[in-house]
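Scroll down for the structure; my scribbles are underneath it.
Computed from the coordinates by the stated procedures, all read-outs in this text should not be read as laboratory data. Keep in mind it's a predicted model, so treat the numbers as computed, not measured. As a convention, Cβ positions derive from the backbone with ideal geometry for all residues, glycine included, and neighbour counts pool all protein chains shown.
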């Protein structure tokens, strides 16, 4: 059973809008996404994102584990050392302070404005 042409056009428009939304988010946030690697201890890596120009990075607890220091690598290949400031295994969130300053940050949203 085939869908009517009007429904197919509607579906195509929805997919185009979705693709544009995802592409826009990647363009805006992508430069702030970094790779996180544990230094010492059991090896591991994951991702995070810079939220302040002075190097606060949000990542997951399972990425940092019990490490005290990590290596933060930005999309341009520049690596910096970072210190794990806090971790919450229950919510799987961790906060890292990376050395240096950062031009590309991922601003946090206001949950009160969500629809």
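Here are the numbers for this structure:
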{"quantity": "The stretch 36-79 versus the stretch 93-115: alpha-carbon centroid distance in Å", "calculated": "14 Å"}
{"quantity": "Label of the coordinate-derived value, volume of the Cα convex hull per residue in Å³, listed as [x] 105; [y] 120; [z] 177", "calculated": "[z]"}
{"quantity": "Taking the stretch 32-98 and dividing mean pair separation by its residue count, relative contact order in percent (alpha carbons under 8 Å, at least six apart)", "calculated": "32 percent"}
{"quantity": "Point-to-point label distance, residue 110-residue 54, nm (Cα→Cβ direction, 7 Å offset)", "calculated": "2.4 nm"}
{"quantity": "Order of 26, 63, 33 - criterion: other Cβ atoms within 10 Å of each residue's Cβ, fewest first", "calculated": "26, 33, 63"}
{"quantity": "Global form of the stretch 32-98, assessed from the alpha-carbon gyration tensor, a/c cut-off 1.5", "calculated": "oblate"}
{"quantity": "Most mobile listed residue (77, 55, 30) in the chain, GNM with C-alpha springs under 10 Å", "calculated": "77"}
{"quantity": "Residue-averaged [θ]222 nm for the chain, counting only DSSP H segments that reach four residues, each worth -39500 (n - 2.57)", "calculated": "-8000 deg cm²/dmol"}
{"quantity": "Sequence-separation-based contact order of the chain, relative, with Cα cut under 8 Å and 6+ spacing, percent", "calculated": "24 percent"}
{"quantity": "Helix 5-29 vs. the chain, principal-axis angle (Cα, 0 to 90°, nearest 10)", "calculated": "20 degrees"}
